[in-house]
Amino acid sequence: MADTTDTKSSNQMWGGRFASGPDAIMEEINASIGFDKKLFAQDIRGSIAHATMLAHQGIISADDKDKIVHGLNTILSEIESGNFEFSRRLEDIHMNIEARLATLIGPAAGRLHTARSRNDQVALDFRLWVKEELEKTEKMLTGLIAAFLDRAEEHAESVMPGFTHLQTAQPVTFGHHCMAYVEMFGRDRSRVRHAIEHLDESPIGAAALAGTGYPIDRHMTAKALGFREPTRNSIDTVSDRDFAIEFLSIAAITGMHLSRLAEEIVIWSTPQFGFVRLSDAFSTGSSIMPQKKNPDAAELVRAKTGRINGSLVALLTIMKGLPLAYSKDMQEDKEQVFDAAESLELAIAAMTGMVRDLTVNTARMKAAAGSGFSTATDLADWLVREAGLPFRDAHHVTGRAVALAESKGCDLAELPLADLQAIHPDITDKVYDVLTVEASVASRKSFGGTAPSEVRRQIAFWRARN
Ligand code: ARG
């Protein structure tokens, strides 16, 4: 950014009643151009729609409108091609563009700000930006869900240990585990869709806070800018940042999901677990320990989540004490959202790549699935079903079988029939059919369960919705 600091003259855009310019520190704390220049395209789009409406309503002449639109398009290509000099003295993106417009087209530029204020202007620009970001997030989540659906399909039958308390619980399929993430990211995506619906109202025309005496048509600008309708209350319009907070809330929840996935990948890729191997593309080596393959990308996704949470808390805190309507505090909304958006995009992209690329060690998963007496519940269920025991008694009998296997250092399926019969006489050799991990998962056909047939049904459900 060109440093055009000039403390001598008052601001040319609003300096009419100020005798001298701002102190250098004032300028530094006040300026937002360093970050809100990101909103240039939205600002120009908004101004073109506003000027077009003003001319349509006879508030400015068609000739001035043409000059304004032409000038704004020139500025757009200047900024896009890197040939625009941003000035901190002009505070923000809105005034940088308007000042340049004045240089380009002369006095007609001064008519653009009729019937609007920077308060509704910034609300518009930022809303447009967040809306586009939400649309991008929706697409990226669809890509992540697609990656999981492919892996789930491939591994609908691959058995792995299911965990609670990170202790082996019951065998599940890797496909089922993948589909759990599809549910999570599917909820995130529907939150994104709801947020797009919530923010789909145009703020422009609320002016400073009270509306305007000019005969503007807010429905016309709303339509031109792709919004469903104009916002209903001008005071709320310039004081509302819910759309930004909703974005950050969604980013925080999605980030929390991504971080849980990252944590699983970190655990699974340790030599001790060895369930998955990360591709070289998503891991790094150690500069000192040649044997290492570190899950850096997953770890950074976990860390980015902390950053996103920070942004959410920051904006909630910025807003919580503000009286209606606009206060300059609200200028601090953008960096939080920009930073969180960048982190979220990176995190989704990295996890999508990792999920697509990782190699699943099915043999290792299967071996782990059978250890830790993971089919104990199947034994108890068999006793209920085949020997007619109440579940609580069956649970007790099974506990004794587990204790015996543990003392012998073997699995339940390796206990001789005589040992099992000594614990309960009604046990027959048919019991071994349910003690394998494959039989265990295949039996769990309840709606939403882990049986391969159920997993395939879940996949079909989501394929139709993705
Ligand atoms: N740069 C300001 C912001 O981001 C624009 C709105 C300024 N409005 C005002 N009345 N000073 O919030």
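Just so you know, all these numbers are worked out from the coordinates, no wet-lab data involved. Owing to the predicted nature of the structure, the values given are computational and were not obtained by experimental measurement. Every residue, glycine as well, gets a Cβ built from its backbone with ideal geometry; the counts of neighbours run over all protein chains shown.
Restricting segment 286-387 to chymotrypsin sites (Phe, Trp or Tyr not before Pro) that sit in a DSSP loop and have at most 13 other Cβ atoms within 10 Å of their own Cβ leaves nothing. Once a ≥ b ≥ c are taken as the square roots of the eigenvalues of the Cα gyration tensor of segment 44-198, is the result rounded (a/c under 1.5), prolate (a/b larger than b/c) or oblate (a/b not larger than b/c)? Because a/c hits 1.5 or more and a/b exceeds b/c, segment 44-198 counts as prolate.
Taking a ≥ b ≥ c as the square roots of the eigenvalues of the alpha-carbon gyration tensor, segment 261-347 is classed prolate because a/c is 1.5 or more and a/b outweighs b/c. Using DSSP H assignments, which helices in the chain have an axial alpha-carbon span of 15 Å or above and a mean Kyte-Doolittle hydropathy of 0.0 or higher? Answer set is 40-56, 93-105, 242-268, 296-320, 333-357, 376-387.
For the pair segment 438-466 and segment 291-314, the centres of their Cα atoms are 32 angstrom apart.
Given a cut-off of 30 Å, name the pairs among K139/K292; K293/K334; K408/K445; K292/K366 whose C-alpha atoms lie farther apart than that in the structure shown. Cα-Cα > 30 Å for K139/K292; K293/K334; K408/K445; rest within. What are the aspartates and glutamates whose alpha-carbon lies under 14 Å from the alpha-carbon of K304, with same-chain residues fewer than 8 places away excluded? List returned: E263, D296, D339, E342, E345.
Computed over the chain, the per-residue total of -39500 (n - 2.57) for DSSP H runs of n ≥ 4 gives a 222 nm mean residue ellipticity of -19500 deg cm²/dmol, rounded to 500. For segment 390-466, the set of chymotrypsin sites (Phe, Trp or Tyr not before Pro) satisfying both a DSSP loop assignment and a count of at most 13 other C-beta atoms within 10 Å is given as F447. In the calculated pair-distance distribution of the chain, the portion above 29 angstrom amounts to 61 percent of the Cα-Cα pairs. Rounded to the nearest 5, what % of the DSSP beta bridges within the chain are antiparallel ones? Beta bridges within the chain, antiparallel portion: roughly 80 percent. Summarising the amide proton neighbourhood of M160: residues at separation of 5 or more, or on other chains, whose placed amide H is nearer than 5 Å comprise V172, T173, F174.
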